[in-house]
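Undergrad: Provided herewith is a single structure, encoded as structure tokens, for subsequent inquiry.
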Amino acid sequence: MSDFDININAIKNTGSTLEGLGRTLDRYDDSIRHARTRLIGAQWASVRSVLQRIETGVQQEGRSVRACGSILREIARNYEATEKALTGQARTAADAIRRIAERIRTVVEKYINKLKQWIQSVQEYYRNRPDSHTVEPYEVDNIVFDNKGSYGGNQGSLKGRDAEKKQWIYNHILKKNNPDLNLNSTQLDEFYKKMNSTGCAYVALLNTVFVHFQGREEDFEKTFGYPMYDKNGDLNYDALFADIYTTKYNDGKKFEGLYPEEGEELIEGFLKDRGVNCDAKITDNVSPANIDTLLYDGKQVIIHYYDGNIYPADGGKPHPISAHDMVITGVTEDGKYIVSSWGHKYYLDPAEVVTRQHTDKNGNTYNSDTSISYTVVSYH
């Protein structure tokens, strides 16, 4: 029994328990890895990504727990040896002091080295992430939002396409939805420019469609009548954008965005006519606290954002927003949404409120604060 008020056995038992927990986490890590590697195919990409993040976290925790347990057990061993020196088993007082100092130095050095190793392992982990500048504990990973190309659709892409692509869209999409449409090249260019200025809600909706059809290229083509990928191997955003847009406005004269209620009706009707079951519900019951759960459950969330700012994920000045629809793809550790806009990744802080001045059609000015609503889209 110890002569001092230190419960050595408790420290040793705690160290053993922590080391045992570390071994248990190793077994969980193996199980997660086994499950992940058995999920083969593009349709499982998002699930594999989530399991990979969990696996990495379990590995980190296992190493930390084992190291902590090992340190506690070593402290206990050195304390016992030091206590014996103090209680008469050392030959002289000088020997006791020397041995105490040596043991303390050894324990402290090893403890500091362990801490350095932990810090290095954490730094290494964050350096090697796919996007080391971000802080993203949850973000969907699929063919639409994969950080390898366009981060979702871009409402402005059609106006910048070459003449061949613009004509193909005109012949196969616009004329299909309105056989009486007759536009020359100048008028067609103007049509695509107007789509850019009014198209954010349509692009947000089509992003959810591509996510739903991930890994099912044949089903996509049977459903819509054109390939899921264009001749360059990119997702056929332009075709689906033009298809959804001209389902609503196809006379070449009227160009308008969508109110949330119109978007809900449009996507449900557009897909129902093509044999796809989809529910789109407007709600205010979305927040940084539950967005990751919604996304993990396979829901897709569109944010309707008014009079606020969005921030480029790679840095840079904020983009002021008057009215804009975007798909939320994740949430950061500090409570910001990760969103897709114009084919790029942005951050949006739902807690940020700004005041913008507007002018009505009569020339009168008025102020408006940031406001938000959501549409949750589910496919069956």
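The values are calculated or read from the model by the stated rules, or taken from the named source; none is laboratory data. All values derive from a computational prediction rather than experimental measurement. Neighbour counts run over all protein chains shown; Cβ positions are idealised from the backbone, glycine included.
Undergrad: Please go through the stretch 295-325 and pick out each residue that is over 29 Å from residue 367 (Cα atoms) and modelled with pLDDT under 90.
TA: Scanning the stretch 295-325 gives 295, 296, 297, 298, 314.
Undergrad: Report whether or not residue 305 is out of contact with any helix residue (DSSP H, G or I) (no Cβ under 7 Å at 6 or more places or on another chain), aromatic (Phe, Trp, Tyr), in the same structural domain as residue 206 (by TED's automatic domain parsing) and on the phi < 0 side of the Ramachandran plot.
TA: Yes.
Undergrad: Is it fair to say residue 255 is in contact with a Lys or Arg (Cβ under 7 Å, 6 or more places away or on another chain) and not aliphatic (A, V, I, L, M)?
TA: Against the criterion (in contact with a Lys or Arg (Cβ under 7 Å, 6 or more places away or on another chain) and not aliphatic (A, V, I, L, M)), residue 255 qualifies.
Undergrad: Determine, yes or no, whether residue 351 is without any contact (Cβ under 8 Å) to a residue 24 or more places away in the chain and out of contact with any helix residue (DSSP H, G or I) (no Cβ under 9 Å at 6 or more places or on another chain).
TA: Yes: the conditions hold for residue 351.
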